[in-house]
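Chemist: This is the structure I want to talk about, given as structure tokens.
The values are calculated or read from the model by the stated rules, or taken from the named source; none is laboratory data. The structure displayed is predicted, hence computed values, not measured ones. Neighbour counts run over all protein chains shown; Cβ positions are idealised from the backbone, glycine included. With ligands, DNA and RNA removed, areas are computed over all heavy atoms of the protein, side chains included. Shrake-Rupley method; radii C 1.70, N 1.55, O 1.52, S 1.80 Å.
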Amino acid sequence: MYSIKPLFTMKNRILSCLLLVLVFASFTSFKPDDPKVKKPVNVILLIGDGMGLSQVSYALMMATERMAFERFKTLGLSKTSAADHKITDSAAGATALASGAKTYNGAVGVDINKMPMTTILEMAEAKGYATGMVATCAITHATPASFIAHQPSREMYEEIAKDFLKTDIDLFIGGGYDHFAKRKDNVDLTAQLKVNGYMVIQSEQELYMYTGTQKLAALVAPKHLPKMQEGRGSFLANSTQLAINRLSKSGTGFFLMVEGSQIDWGGHANDAEYIRQEVMDFDLAIAKALDFAEKDGNTLVIVTADHETGGFALSGNEEDKTQNKIEPKFTTKNHTGTMVPVYAFGPGAESLGGIYENTWIFNVMKKTMGLK
Ligand code: MG
Ligand code: ZN
């Protein structure tokens, strides 16, 4: 047996002192929040389709509790016009947000010459970010489609579905199963998704139970999800939380797009209650994003719309002397050209104060994520 004495020789004492100093130094100089060590910034973009200021105001006015919208300190206004149309549709609106260029109405991820434009999601994917999308409509519908597909027309649902297979998106959750599995060409894209490493999920229940680590293709409705009024429940908030949990585990930074798809449809239907319930539901998803971002400290949350729908106004009744009753009115069954609000929180948020074109939002996301 050897004695422990030699451990306390002068040489060893000096060595262990040095070691202690090194350990101490490493704790003090390599803090994880060291500004010199730049971590990739996560971006969560939440799009309320057709959500103008009146849509948000109406929900706020009727709400009994504080809403997530009220947690933002940085606000901006986005000009939504398309390339050659003062009034945009959702395809051109989402393409401007996704790729930073105005295009024609109906265009999905292509420019005015029908040439494909790289989207923020594709750029993030190429840089090693985890990526995902959540929507309450078919995932092939104009808004989500414009972040991943490149087609001259939003009506080309089956071609759009095929474009999902050209990317390495980590998860997508929404409706649209039929565009993948019940197609005119009889090709079952869900089989190809499985080959590409996706867990294909067809129901909400299955989605919440899945604990595996595969990429997720959750197509939980044949086409669109039901309205809130028809019992959609907390699908959007749950899926947003699930997406954040999964994507943030990657540790590489992530990009997530969440759409409150049906606020727009309430506007088209001139149905104030439809709008109110969809905005309230969207707000719960925003709360999930903000809760995560506040804790994480390295996540930019942006909430905006592609355009306003319905020319929605919170009018009163002229005969009502109390002026205390809101009688919502609509000026159109279509979209309008009014500016839409932008709410921002987190690194890069300050660049979203003010008035700007919708394409600016793309630039801010791109810069914040350090993409080229
Ligand atoms: Mg949409
Ligand atoms: Zn619309």
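Chemist: Of the residues TYR104, TYR129, which is aromatic (Phe, Trp, Tyr), modelled with pLDDT of 95 or more, open to solvent by less than 30 Å² (accessible area, probe 1.4 Å) and away from ligand 1 (no atom under 13 Å from the Cβ)?
Modeler: Matching residue, one of TYR104, TYR129: TYR129.
Chemist: From the residues in segment 81-101 that are over 21 Å from ALA149 (Cβ atoms) and either within 16 Å of ligand 1 (Cβ to nearest atom) or not hydroxyl-bearing (Ser, Thr, Tyr) (or both), which one is most open to solvent (accessible area, probe 1.4 Å)?
Modeler: LYS86
Chemist: Looking at ILE160, ILE173 in this structure, which one is crowded, with 22+ Cβ neighbours inside 10 Å and within 18 Å of THR95 (Cα to Cα)? Write out each step before concluding.
Modeler: On the way: ILE173 fails: within 18 Å of THR95 (Cα to Cα).
When all the criteria are applied, what remains is ILE160.
Chemist: Out of GLN214, GLN202, GLN277, GLN262, which single residue is open to solvent by 30 Å² or more (accessible area, probe 1.4 Å) and within 30 Å of MET62 (Cα to Cα)? Steps first, please.
Modeler: Working: GLN214 fails: within 30 Å of MET62 (Cα to Cα); GLN202 fails: within 30 Å of MET62 (Cα to Cα); GLN262 fails: open to solvent by 30 Å² or more (accessible area, probe 1.4 Å).
It is GLN277.
Chemist: Condition (residue is under 17 Å from SER57 (Cα atoms), within 16 Å of ligand 1 (Cβ to nearest atom) and not in a helix (DSSP H, G or I)) applied to segment 310-320: is it met by at least one residue?
Modeler: Within segment 310-320, the first condition is being under 17 Å from SER57 (Cα atoms), and the residues that meet it are 310-316.
Filter once more, keeping what is within 16 Å of ligand 1 (Cβ to nearest atom): 310.
Add one more test, that the residue is not in a helix (DSSP H, G or I), and what stays is 310.
The answer is yes, given that some residue of segment 310-320 is under 17 Å from SER57 (Cα atoms), within 16 Å of ligand 1 (Cβ to nearest atom) and not in a helix (DSSP H, G or I).
Chemist: Name the residue that is farthest from ligand 2 (Cβ to nearest atom), counting only residues in segment 322-338 that are exposed (fewer than 12 other Cβ atoms within 10 Å of the Cβ) and at pLDDT below 95.
Modeler: THR322
Chemist: Take segment 43-66 and flag every residue that is within 15 Å of VAL303 (Cα to Cα), away from ligand 2 (no atom under 16 Å from the Cβ) and open to solvent by less than 10 Å² (accessible area, probe 1.4 Å).
Modeler: VAL43, ILE44, LEU45, LEU46, VAL56
Chemist: Tell me which of these ILE286 doesn't satisfy, since it passes every other one: (1) within 16 Å of ligand 1 (Cβ to nearest atom); (2) in contact with a Leu (Cβ under 6 Å, 6 or more places away or on another chain).
Modeler: Looking at each condition in turn, ILE286 falls short on (1).
Chemist: So, one more: For segment 226-241, does any single residue satisfy the condition of being within 16 Å of ligand 2 (Cβ to nearest atom) and either farther than 17 Å from LEU46 by Cα or open to solvent by 60 Å² or more (accessible area, probe 1.4 Å) (or both)?
Modeler: Checking segment 226-241: at least one residue is within 16 Å of ligand 2 (Cβ to nearest atom) and either farther than 17 Å from LEU46 by Cα or open to solvent by 60 Å² or more (accessible area, probe 1.4 Å) (or both).
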